[in-house]
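Peer 1: Questions regarding the structure given below will be posed in turn.
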Amino acid sequence: MRVSHFPPGTSKWNKIEHRLFCHITQNWRGKPLRTFETVVEIIGNTRTRAGLRVKARLDTKTYRKGIAITVKQMEELELHRDEFRGEWNYELRPRTNLAN
């Protein structure tokens, strides 16, 4: 599994959000956001002047909260940090040299 984190405090600089929010806002036009379906419809019907379309869907899956990984499960993983900013970019892989 590949993991990449934004450095602390930088998610507000996400260029995609900044580029799309003005178009979503124009499409929204102050319509009350009372349901998830309304939000998905407004976002999903957004297009830019250049013709780019936004795809949106509601994830209705139920996810368990508070799942803890055991020490044994953690020991079964190898952490491979990238050369550049390895504290923010890394891969978790199954350990290949597990002792039985």
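Peer 1: Using a Debye calculation, one point per C-alpha and no hydration shell, please list log10 I(q)/I(0) for the chain at q = 0.15 Å⁻¹ in order.
Peer 2: -0.91
Peer 1: Also, I was wondering about something else. Arranged by the count of other C-beta atoms within 10 angstrom, fewest first, what order do His23, His18 take? Intermediate results must be reported in sequence, preceding the final value.
Peer 2: Details: His23 16, His18 10.
Least to most surrounded, the residues fall as His18, His23.
Peer 1: How much length is gained if the chain between Arg81 and Arg95 is pulled fully straight, taking 0.36 nm per residue apart and subtracting their Cα-Cα distance, in nm to one decimal?
Peer 2: 3.6 nm
Peer 1: What number, rounded to the nearest 500 deg cm²/dmol, is the helix-based mean residue ellipticity at 222 nm of the chain, given -39500 (n - 2.57) per DSSP H run of at least four residues and division by all its residues? Mind showing how you got there, number by number?
Peer 2: On the way: 3 runs with 28 residues, N = 100.
That comes out to -8000 deg cm²/dmol.
Peer 1: Please list, by residue number, everything in the stretch 10-54 whose backbone N is under 13 Å from a paramagnetic label point 7 Å out along Cα→Cβ of Trp88.
Peer 2: From the stretch 10-54, the list is 10-15.
Peer 1: Check each of the trypsin sites (Lys or Arg not before Pro) in the chain and keep only those in coil by DSSP with at most 13 other C-beta atoms within 10 angstrom; list them in order.
Peer 2: Hits after loop and neighbour filter: Arg29, Arg34, Arg49, Lys55, Arg57, Lys61, Arg64, Lys65, Arg85, Arg95.
Peer 1: Give me the net charge of Gly44's neighbourhood, meaning all other residues with Cβ under 14 Å from the Cβ of Gly44; Lys, Arg count +1, Asp, Glu -1.
Peer 2: Taking every Cβ under 14 Å from that of Gly44, the sum is +2.
Bear in mind these aren't lab numbers, they're just calculated from the coordinates by the rules spelled out. None of these values were measured; they are calculated from a predicted model. Here Cβ is always computed from backbone atoms with ideal geometry, including for glycine, and neighbour counts include all displayed protein chains.
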